[in-house]
Amino acid sequence: MTDKKKVAILWLGSCGGCDETIVDINELILGVVNSVDLVLWPVALDFKYHHIEKMADGEIALGIINGHVRNSDHAEMAKLMRQKSQVILAFGACACFGGTPGLANLRSKEDIFRWVYQEAPTVINPKGVCPQTTTRVDGKELTLPEMFESVHSLDQVIDVDYYLPGCPPPPYLVLKAITAFLENTLPAKGSSLASHKALCDTCPRNASKPNKVAITEIKRIHEVEADPTKCFLSQGIICMGPATRSGCGESCININIPCRGCFGHIELVADSGAKFLSGLASMIDADDEAGLEKISDQVRDTIGYLYRFSLPISIMNQKKLQSDEVKSDD
Amino acid sequence: MKEKEPKIVCFSCRFSWGYLVSEEDIAARLENWIPIICTGKIDPVHILTAFRQGAEGVLILGCPEGDCHYQDGNIEARKRITLLYNVLQSYGIERERLKLHLGADPEGKTMPQLVKEMADTVRKLGPRSGDTPTQKKSATRTK
Ligand code: SF4
Ligand code: SF4
Ligand code: SF4
């Protein structure tokens, strides 16, 4: 038996990108793999969930969870991991804030099912077949997880110890987080394992940002040839930098794409979308109501911009998972 | 049976609204009243929180245009509110449920009437769809 610390990596509602970024720490991953005992990693290793069930409570030193919680299976697995792990790390924007799938919360579950199984133009489903949680086939009962009413961030379902934001988190931050864990230098519980500054503070274009940005027209990035040296906002292009946590290495900015906010909110900000909106409003330069309306109309899909990664934790949308939503809840 | 009054949260700037009477006096006449200094202080977070906590409408009373104690706080408020309309709409909250009214009433006599008018507008819209956002299907889908 090994006395190495046991680490489990689990995906819930995930696109796979978060697991990929762990692989992307390249050869350094070998060092990590050598220093810990990986007990679960569905994307890469063949361990079964019942192996985890058999473990003692708290036997896993670190449980890394990526993806959002949308169905009863996600919730059960999250709860199991919580029970068996000493430390839970919410990994990536989906686990931390609900992520882009969280935008589905703008529609009801019924609406989504109706569209996906009936109304979408590519669907041919004359019998109106729709997935059920239980189906009888040849006398046998088949079951599927139950889809919840909304997408939840991980901490709306279980207690989370640390957050590593990003969609996905960049490899260097992943390595830094794992190193901090191995060396017992993790900060206070509840911390985000990324910078405490706003992206604007570390952005190379910040120096070009005028004291007072005056936006007279809002343009979308694909409509213009953006100046690669100037602050996006000063060019009338929405950039979420002022309301987003730094730490990504300005990945988007460096390829001349404005920030969409995947690192989430800065410390102590209750709702980064609302915060950004406030800042954006003060930059708008319009003399009268008509001018103001015109610029406001140029912000296409306002809610999608403001909450692209964080709708489930926004003021209007946040919902703790009700325990009765998970039937097998103990 | 008397119909229940819709819950209206009213923020008002103390520089123009009711500064000649005591706060208790206005509070006795207005439920859910939040006096502030300068509407420029109102963050979208405050408005969203009011709706989140069940407000059927939010009425903001600011100083007349060109007459803000802090130069242009009321105009800043107007900009935020205009942008916020799009967000509220995505949550199924109609534009009419958030209103900025610029004017002055040192004795605050018209405040209950303004709140009542807001309540009437909101009552006509019917009850709020709640905090489950439901966009109209046709809003963003094209077949
Ligand atoms: S945070 Fe991004 S990369 Fe990770 S699972 Fe979600 S969508 Fe995929
Ligand atoms: S708004 Fe965007 S481009 Fe401008 S300084 Fe901030 S992060 Fe950089
Ligand atoms: S620039 Fe913004 S959207 Fe892009 S990786 Fe960084 S935090 Fe995420």
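Report, by chain and number, residues whose modeled amide H sits under 5 Å from the one on residue A:40, excluding near sequence neighbours (fewer than 5 apart, same chain).
Long-range HN contacts for residue A:40: A:9.
Per-residue HN-Hα couplings for the range A:20-34, Karplus 6.51 cos²θ - 1.76 cosθ + 1.60 at θ = phi - 60°, whole Hz, x for Gly and Pro?
In residue order, the calculated couplings are 4, 5, 5, 4, 5, 6, 6, 4, 5, 4, 4, x, 5, 4, 6 Hz.
Between residue A:221 and residue B:21, take the C-beta separation as r, use R0 = 41 Å, and let me know the FRET efficiency to the nearest 0.05. Write out the running numbers ahead of the final one.
Numbers: r = 52 Å, r/R0 = 1.27.
That gives a FRET efficiency of 0.20.
For the range B:113-122, in order, what is each residue's ³J(HN,Hα) by Karplus, 6.51 cos²θ - 1.76 cosθ + 1.60 with θ = phi - 60°, in whole Hz (x at glycine and Pro)?
Running phi through 6.51 cos²θ - 1.76 cosθ + 1.60 with θ = phi - 60° gives 5, 5, 5, 5, 4, 4, 4, 5, 4, 5 Hz.
With a cut-off of at most 15 other beta carbons within 10 Å, and DSSP calling the residue loop, which trypsin sites (Lys or Arg not before Pro) in the range A:1-71 qualify? Please list them.
Details: sites: A:4, A:5, A:6, A:48, A:54, A:70; in loops: A:4, A:48, A:54.
Filter output for the range A:1-71: A:4, A:48, A:54.
Give the average, rounded to an integer, of partner chain Cβ atoms located within 10 angstrom of each Cβ in B:76-82. Working shown, then result.
Details: counts 4, 1, 5, 13, 8, 3, 9.
Mean number of neighbouring Cβ atoms from other chains: 6.
Just grab the label-to-label distance for residue A:183 and residue A:143, each label 7 Å out from Cα along the Cβ direction, in nm (one decimal).
So the label points at residue A:183 and residue A:143 sit 4.6 nm apart.
Using a 1.4 angstrom probe on the protein heavy atoms only, line up A:74, A:152, A:222, A:50 by accessible area, largest first. List each step's numbers first, then the result.
Values: A:74 25, A:152 0, A:222 135, A:50 85 Å².
Ranking A:74, A:152, A:222, A:50 by accessible area, largest first, yields A:222, A:50, A:74, A:152.
Taking 0.36 nm per residue of separation and subtracting the Cα-Cα distance, what length does fully extending residue A:136 through residue A:44 add? Show your work: numbers first, answer last.
Details: separation 92, 0.36 × 92 = 33.12 nm, distance 3.28 nm.
So the extension gain works out to 29.8 nm.
Which trypsin sites (Lys or Arg not before Pro) does the range A:113-166 hold that lie in a coil by DSSP with at most 13 other beta carbons within 10 Å? Can you show the working numbers first?
Details: sites: A:114, A:127, A:136, A:140; in loops: A:127.
Here the sparse-neighbourhood loop sites are A:127.
If I ignore ligands, DNA and RNA and count only protein heavy atoms, how much of residue A:150 is accessible to a 1.4 Å probe, in Å² to the nearest 10?
Roughly 10 Å² of residue A:150 is accessible to a 1.4 Å probe.
In what order, largest first, do A:154, A:144 sit by accessible area if the probe radius is 1.4 Å? Please list the in-between numbers first.
Working: A:154 0, A:144 95 Å².
So the residues, ranked largest to smallest area, are A:144, A:154.
Report, in deg cm²/dmol and to the nearest 500, the calculated mean residue ellipticity at 222 nm for chain B, where each DSSP H run with n ≥ 4 adds -39500 (n - 2.57) and the sum is divided by the residue count.
One gets -11000 deg cm²/dmol as the mean residue ellipticity at 222 nm.
Which of the pairs A:5/A:275; A:294/A:319; B:7/B:79 have their Cα atoms more than 32 Å apart in this structure?
Numbers: A:5/A:275 40 Å; A:294/A:319 34 Å; B:7/B:79 24 Å.
Checking Cα-Cα distances, A:5/A:275; A:294/A:319 exceed 32 Å.
Could you go through the range A:8-19 in sequence order and give the Karplus-derived ³J(HN,Hα) for each residue, using 6.51 cos²θ - 1.76 cosθ + 1.60 with θ = phi - 60°, rounded to whole Hz, and x for Gly and Pro?
Here the 3J(HN,Hα) series is 10, 10, 10, 10, 9, x, 10, 8, x, x, 5, 5 Hz.
What are the residues whose amide H is under 5 Å from the amide H of residue B:105, where those residues sit 5 or more places off or on another chain and H is modelled from the backbone?
B:17, B:18
Just report the Cα centroid separation between the range A:199-250 and the range B:1-72, whole Å.
Distance between centres, Cα-based: 34 Å.
Give me the distance between the Cα centres of the range A:146-179 and the range A:1-46, rounded to whole Å.
For the range A:146-179 versus the range A:1-46, the Cα centre distance is 15 Å.
How many Cβ atoms of partner chains, on average, are near each residue of A:290-298 if near means within 10 Å of its Cβ? Numbers along the way, then the final one.
Working: counts 0, 0, 6, 2, 0, 3, 7, 2, 0.
Per residue, the average neighbour count from other chains is 2.
In square angstrom, what is the accessible area per residue of the range A:42-151 with a 1.4 angstrom probe? Could the numbers behind the result be given before it?
Working: 5530 Å² over 110 residues.
Spelled out: the 1.4 Å probe surface of the range A:42-151, per residue, equals 50 Å².
For chain A, which cysteines have no second Cys with its Cβ under 4.7 Å from theirs?
Cysteines of chain A left without a disulfide-compatible partner: A:15, A:18, A:94, A:96, A:130, A:200, A:203, A:231, A:239, A:248, A:252, A:259.
If you take the accessible area of B alone plus A alone and subtract the pair, what total do you get in square angstrom, rounded to 100, with a 1.4 Å probe?
Details: alone 8920 and 17370 Å², together 23150 Å².
Protein heavy atoms only, the B-A interface buries about 3100 Å².
Under a 5 Å amide H to amide H cut-off, with H placed in plane at 1.01 Å, what residues pair with residue A:284 once short-range neighbours are removed?
Close amide H contacts, sequence-distant or interchain: A:215.
Taking the simple approach of a point 7 Å from Cα along Cα-to-Cβ for both residue A:28 and residue A:301, what is their distance in nm?
Each label point is offset 7 Å from its Cα along the Cβ direction, giving 3.3 nm.
Just need the Rg to Rh number for chain B, please, alpha carbons only, Kirkwood Rh.
Values: Rg = 15.8 Å, Rh = 15.8 Å.
Radius of gyration relative to Kirkwood radius: 1.00.
Using a ≥ b ≥ c from the Cα gyration tensor of the range A:86-148 (square roots of the eigenvalues), is it rounded, prolate or oblate, where a/c under 1.5 gives rounded and otherwise the larger of a/b and b/c decides, a/b for prolate? Can you show the working numbers first?
Numbers: a/c = 3.50, a/b = 1.42, b/c = 2.45.
Taking the square roots of the gyration eigenvalues as a ≥ b ≥ c, the range A:86-148 is oblate.
In nanometres, what is the gap between the two model label sites at residue A:202 and residue B:116, each 7 Å from Cα along Cα-to-Cβ?
5.7 nm
How shielded is B:40-52 by partner chains, expressed as the average number of their Cβ atoms within 10 Å of its Cβ atoms?
Values: counts 1, 0, 1, 6, 10, 9, 2, 2, 9, 5, 0, 2, 6.
Across B:40-52, the average partner-chain Cβ count within 10 Å equals 4.
The values are calculated or read from the model by the stated rules, or taken from the named source; none is laboratory data. Note that the structure is a prediction, hence the values are computed from the model and not measured. All Cβ positions, glycine included, derive from the backbone under ideal geometry; neighbour counts span all protein chains shown. Side chains included, ligands, DNA and RNA excluded: accessible areas come from the protein's heavy atoms. Shrake-Rupley method; radii C 1.70, N 1.55, O 1.52, S 1.80 Å.
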